[in-house]
Every structure is written in C-alpha cells, then in structure tokens.
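J.: Dropping the structure in here first, questions after.
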Amino acid sequence: MSEQEFADGYLRYVRHKVVFISAALAALAIAAGASCLVDGRPIGILDVYRIIWEHLTGARYEYATPEYWDDFVVCQMRLPRTVLAIVAGSSLAVCGTVMQSIMSNPLADPYTTGMSSGACLGSIIAIAMGFAFTGPSIYGIVGMSFLMALVPAFVVILASRLVNTSPATLILMGTIMSYLFSAVNTLILVNQEGETLSAAYLWTIGSLDNVIWSDLWIPGMTSVLGCAAMLAMSGKLNVMMMGDDQARSMGLDVDNFRTVLLLVLSVMVASIISFTGILGFVGLVAPHIVRMAIGSDNKFVIPASMAFGSALLLVTDTVARLVVYPYEIPVGIVLMFIGGPLFLYVVVRKKGYGGIY
Amino acid sequence: MAALLTAMLMASPALGAYDVSPGEVLRIILSHLTGNPPGDRTDFVVWDVRLTSSAMAVITGFALGVCGSVMQAVMRNPLADPYTMGVSSGASLGAVLSLVMGISIIPGLRGDASVMSNAFLLSLVPMAAILVLSISRRMTDTMMILCGIGVMYFFSATTSLLMLTADPTQMSAVYSWNLGNIGVGYWDNLPTMAIPTALCTAFLMLSASKIDILTSGDSLSHTVGVDPFRLRVVSSLVVSVMIAAIVSFTGTIGFIGLVSPHIARAFVGSRQSWLIPASGLVGAAMLLAANDAARVLGSLPVGVITTLVGCPIFFALLIRQRRSQWI
C-alpha cells in the first residue's frame, strides 16, 4: 500500500466518524430547540433560536412587552433545563464510555456499578440529616455525594486488584451495592413525612425538573473539565481497552491510571446526580449506539457519545414531558425503559469486544 | 430447627413498643387455643397485631427459603433467588398493576384473586426469559443473574411509573411496600398465603429426588430418565405460584431466599429432601428475627433489614465463588 493510499484510507476512516459526530451535533441542536418548545406560551422553533441568539448578543427588552416575556420564558424558564440535560447527558455518556474502557466491561456505567446510587444516597444524607462537611450548603451536598460515590468506585478498584473479577462479577457487585444504598436510604427516610418522602422517591428516579441558572455552574464546570480531561486521555484509554497486560507492556501504570480516572469520574457523577437524581443508563446506551456506528476508537467515541448522550437525554426528557402533558413523568423512567432492554441485549448477544465472560 | 422457630414465634410478640412479658404472651396464646380469649388491650396487641405479623413473617420466610433452595438447585446457580432472578419484581409489578390501576390480566377477577393472578403471570416472565435464553445458548450462572437484573430494571421502571399515578398520600405506604414490608398482618390473609405455600412445598418435596439428579448435570439426568427442561419449567411454575401468593401481601423482600439455603446447606448437606424443609425453616427464622428487629427499631420495612444483612453475604458468596471457580 503506497503512502498516498494509506493517507486516503485514513481520511476516509476519519471522515465517516466526523460525519457521524456532526450528525449527532445537528440532532442535538434540533433537540435543544425542540425541548424549549414545551410548556405554555406558544413560541415557534425558529423563534427559539432567534431569541437565544438575540439574548446572547445582548438584546434587552422593556419590561412586560411581548418580546420581554418571550425572552424571559425561553432564557430563564426553559433554557436552564435544556442546558442541564446537555451537561448531564454528555457527562454521563463520557463516564460510561470511560468506565467501559478502563474495566474492559461493556456493561459498566455509573448506574450499573452503583456510583449513581451512592451519589444519590450521599445527597439524601446531606439533605435529610443536615450533615455535611462544609455545612448544609450546595457544596456540602455535592461533597457528600462525591464521598458516597467513591464507595462503589473503591470497591471496584479493590475487587480488580485483589480478586480476579470478571466483568459480570463487577456488575453484580454494583447492583448489590445499589440495593444496599437504597436500604440505607429507606432507613434515613422512613421517619420523614409523606411529602418529603414523595419528593425523595421522585429523586431516586431522576428528573430534570426545577432548574435555575445559578444551579448550573457546578455541574457545568465539572463536566467541561472532566470531559476535556477524558478527551485528552483517549489515547491511553485505547491502550487500556486491550487489557491490563498489554497496557502494562506499553508502559502504562494500569492500576494508578484506573484509580485516578475513577476519582475523576466520581466527581463528575456526584456533581450531576446531586442535582438531577439518578439518571440511569445514559452512560450505557450512548456509547453502545455510538460504537455500533463508528467502531471503538476512543478519540472519536468520546466526543460522539457526548453529543449523542446529550441528544438522547434531551429527547427522552422532552418525550417524558409530552407523554402525559401537561403533567410530566420523570425522565429516569423513560431511560430505564430504553436501558433495560439494551442491557439484556448486551448480556445475551453472542460476541462482544473483549467478551463479557 | 423447628423447636427454635417455635420458641422464637412465642417470644416475638413480646418485642415492641408496647411492653408485654413472654409469660403473658404464652398465657394469652394458650387461652385463645383453649377457646376463651381475654379480650383486653394486651390481648389485642399480642393476638391480632403481633402474632399475625409474626405468622406472616414465618410463612413468607418459609416460602422464600424453599424457593431459594429449589431455584439454586434447578438453575445450578448458587446466586439464584426469587429476588435476583427477577421473579419478585415481576410479581410486584403484577400486584401493583392490580392494586393501583385496578387492572386484571385475566378478566373478571377482582380483589385478592386478581392481585394474585397478575402477580403470578408477570412473575413467570423473567423465568421464561431466562429459560428460553438458556436453551438457545449456553449461559453461565452470572449471565442468568444479569438477565434477571435486566428484566428487573424494566419491571421496576414500570412499577415506579404506576406508583407515580398513585395518590401522593399513599406514597409512603407504597414506598415501603416496594422494599418489602410485613407490618401488621390480618388473620384473614393468612390462609391465602399459607395454602399455596403448603401445597407447593409438598409438591417440591415430592420431586426432591428428581431435583437432586438435576443438580448433577443435564446429561446425567437424561440418562436416568429425568427430562431436565421439563423439570425446570415445572418447578419454575411452582416457585412462581408461591412467590405470587407471598409478594402480593408483603412486597418484594430480598435476599432471604439467597441466604437461607446456604446456611441450611452447612448443617444438612445438599440433598433436596432435607435441604428444602431446612432452608424453609432457616428462612422463616431469619425473617421472623428481621421482622422483630424492624419492629423494635421503629416499624421499618423488613426488606431494609434483610437487604442490609443479605448484601454482605451475597458479596462473600460472589468473591468465594470466583476464587473456587465454582462455575
């Protein structure tokens, strides 16, 4: 093969993936616009983009004019939710991709390994007991979620160092841990009143309800930083996917690398979950669909699953709001309906990369 | 074992917020048995509240223990249990479907009958899925459990969806029911739970020797004339009936079925004709103890206690199993 053909081949290889990523981004943009259409005031989809653009370029309107209300509704009431969906979706999808690579386990995902439940328990402990390290502020809640999300992460690390665990065993451990967490959860919540309980229950299912701009910067910052870090690591993640021995022979400190990455992932998961509740399966569904389309090179899978995960969460959230309009069902349930069957499919299909068993 | 259980059953009404001495408990139970109930307040607490709850715990624990032991043998899987295989989640979806939405899958039934038939039919789904998949390809035991978990995700999503439509004031009850709650029993409920449990246990005891053969491998059981597939299907059906009868009253109680066969096996070995009753008794004793603990700690759902105890044991089993390469 001449050098020219080789270069052409690589270009084709890249072009295919770039096309997919652009398509996912376009879908994301449309979904973002669409998600701003739901609720009350009728504003067309093109108007939504125009209003956001004008808001960004600094247009200000006089109080109580129709333009003012359009601007207010879109930018203050609807956009935070959309942005949170994008942030949470991309961040959870990246977490899923990375976990699947570093554990060489196609079933890994913040939810199936128990990290989400841990983070959720942490938030509930912080809220219900007023107990947190930096006082009962939002940082305390995030910090507590982070600490509890570390528990499953460390069990995973210990298990992979001490006993020769198969991927299936890891998932079983994760599932058992989430049972345990939900039992502790009940212990804490059992003496609360009906309304608190009902709110907490909704929260363990996960929804993107009631977001304001000032909430967004913690999840936003951690996801941007975390996703950037993971993108920078994508070469090493590719090496990890070949298995521990191979990676070691190529000069990667496998155990420490895995530990550091899991720490970063715990921060990302905790900062998302403490705002949204448990959103399961985004990290499972997005990377798998992306890999079906463009293969498993992490340099492309990570950005593609970011775009795809955000679009997925936006679409499911919009669906969840429309199904029983004007009420809404928590988006976590819709995700479970998609994620459960996909989980089964991954378990029973004959051949996977690496293989589960 | 049976003696210990009886003693615990006698002692358990004595525990709880309202003080009653064990001697008094015994006196009240005897007076009921001889036909002249005293009818005062202590009597009400002991006979109508605590004893019914304990009796429910015993029946539930027994049924779960028996189911766990049979499922572990039939699936040849030390991690099998009505909870991990998704049977309980199916049954609880069926029960919720009937309790909250008033939908009966078999038309024309109402009340308990519809709750139970729904629970039974839906509890068959995960087992059927696992059985069908295990014919079409060789499944390892962890894979079966993962399938159960996958089905459970789906069912619990549906269950939560239905629960959201429930009355917010019912939420607390529904929430604790989801985690398994024995709470206050009623004498009227007991026969509906006890009769299916007794019949199914009797049936499983009769086929105990066949199940023993099945544990030594499919090909071996073919050579001695036991059709492994048919036995699996039949015993899964029986187990589902039992679980449906239990779950529709108590909600999903986890891990009793997983743990009690392992404890019983340490004492009586793994012959099913001994293991089934022994595991049932261990399960009954454990759930009774858990129920007492839950009541003493302040009316917790008993599922919380069993999960807190059962999870570490599951972990230990999982790790030991990897070490010994049981699969």
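J.: Expressed as a rounded percentage, what relative contact order does the range A:3-348 have, with Cα pairs under 8 Å and six or more residues apart?
T.: 30
J.: I've got another one for you. Could you compute the net charge surrounding A:S207? Neighbours are other residues with a C-beta less than 11 Å from the C-beta of A:S207; K and R count +1, D and E count -1.
T.: That sum, taken over residues with Cβ under 11 Å, equals -1.
J.: Average partner chain C-beta neighbours within 10 Å, per residue of A:329-335?
T.: So the per-residue partner count for this stretch is 3.
J.: Based only on other Cβ atoms within 10 Å, what is the fewest-to-most ordering of A:W53, A:W213?
T.: Ranked by crowding around the Cβ, least crowded first: A:W53, A:W213.
J.: Kindly point out which whole DSSP H helices in chain A project their C-alpha atoms 24 angstrom or further along the helix axis while averaging a Kyte-Doolittle hydropathy of -0.5 or above.
T.: Sorted by number, the helices that extend far enough and score high enough are A:3-35, A:79-102, A:138-162, A:167-189, A:254-276, A:298-323, A:331-348.
J.: Over all distinct alpha-carbon pairs, what is the Kirkwood Rh of the range A:213-321 in angstrom?
T.: By the Kirkwood definition, the hydrodynamic radius is 15.3 Å.
J.: Arrange the peptides A:4-15, A:281-292, A:83-94 so that the one whose residues have, on average, the most other Cβ atoms within 10 Å appears first.
T.: Peptide ranking by packing, descending: A:83-94, A:281-292, A:4-15.
J.: Set the Förster distance to 22 Å, then compute FRET efficiency between A:V319 and A:Q76 from the Cβ-Cβ distance, nearest 0.05.
T.: 0.40
J.: Can you put A:C75, B:C67, B:C200 in order, fewest other beta carbons within 10 Å first?
T.: Going from least to most buried by this count: A:C75, B:C200, B:C67.
J.: How far, in nm, would the chain grow between A:L46 and A:F6 when pulled straight, counting 0.36 nm per residue and subtracting the alpha carbon separation?
T.: 10.0 nm
J.: Next question, about the same structure. What would the Debye equation give as log₁₀ I(q)/I(0) for the range B:181-293 at q = 0.14 Å⁻¹, counting only Cα atoms as equal point scatterers?
T.: Result of the Debye calculation: -0.65.
J.: Sorted from fewest to most neighbouring beta carbons within 10 Å, what does the list B:V151, A:V323 look like?
T.: A:V323, B:V151
J.: Hey, another quick one. So, R0 is 51 Å and r is the distance between the beta-carbons of A:M221 and A:Y345; what FRET efficiency does that work out to, to 0.05?
T.: The computed FRET efficiency comes out at 0.90.
J.: In cubic angstrom, how much convex hull volume per residue do the alpha carbon atoms of chain A span?
T.: It is 165 Å³ per residue.
J.: Just name one of A:A59, A:L284, A:L121: the one whose Cα is farthest towards the positive end of the charge dipole of chain A (beta-carbon charges, Lys/Arg +1, Asp/Glu -1).
T.: Result: A:L284.
Read-outs throughout are calculated quantities, based only on the coordinates presented, and are distinct from any laboratory measurement. Model, not experiment: these values are computed from the prediction. Cβ atoms come from the backbone with ideal geometry, glycine included; neighbour counts cover every protein chain shown.
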